[in-house]
Amino acid sequence: MLIAAILRTKGSEVVRVAPDDTVALMLTRLARHNIGAVVVADGDRLHGIVSERDVVRGLEREGADLLAAPVSSIMTVDVVTCAPRDTVEDIGETMTRGRFRHVPVVEDGRLTGIVSIGDIVKSRVRGLEYDRAQLEAYIQGG
């Protein structure tokens, strides 16, 4: 299965913040959208990604002053991305090895979506359920 199939199901909306937006604003977006990471971008140009973990680490270093800091001060700039034509299996393996839970989807230099580890797991489970149903049908005489 391809990443494009996940985006067709979940949609291509990406919650974004600008590099100079405050950490407090970014946290509001995380809470409002019930998500664990937000893409840092100007339009479709990806600058980085910020997760809840980045905030926790920043708070440990800087305390409450972090809330007024720009997200660019805590964002990950070396962002691993994927393309719609990448396989769910490959991206799931990349996420597991890299120990991160969100991967922006980029096509032709444009940000076109984001997938989470939850999206990957749901997709894999659906695939396994389909395979099981096919095997059961075969065993029952199909």
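Below are the figures for this structure:
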quantity: Segment 1-18 - residue that is in a loop (DSSP other than H, G, I, E, B) and open to solvent by 30 Å² or more (accessible area, probe 1.4 Å) and, of those, farthest from Val106 (Cα to Cα); calculated: Met1
quantity: Any hit, segment 110-121, residues being surrounded by 12 or more Cβ atoms within 10 Å (Cβ to Cβ), closer than 27 Å to Leu27 by Cβ and of a type in the set (S, T, N, Q); calculated: yes
quantity: Residue satisfying all of: in segment 42-87; acidic (Asp, Glu) and surrounded by fewer than 16 Cβ atoms within 10 Å (Cβ to Cβ); modelled with the lowest pLDDT among these; calculated: Asp44
quantity: Test: residue in segment 25-40 that is assigned to a strand (DSSP E or B) and open to solvent by 50 Å² or more (accessible area, probe 1.4 Å); calculated: no
quantity: Residue in segment 88-105 that is out of contact with any Ser or Thr (no Cβ under 6 Å at 6 or more places or on another chain), exposed (fewer than 11 other Cβ atoms within 10 Å of the Cβ) and touching a residue at least 40 places away in the same chain (Cβ under 8 Å) present; calculated: no
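The values are calculated or read from the model by the stated rules, or taken from the named source; none is laboratory data. All figures in this text were calculated on a predicted structure; none of them were measured in a lab. Neighbour counts run over all protein chains shown; Cβ positions are idealised from the backbone, glycine included. Calculation scope for accessible area: heavy atoms of the full protein, side chains included, ligands and nucleic acids excluded. Shrake-Rupley method; radii C 1.70, N 1.55, O 1.52, S 1.80 Å.
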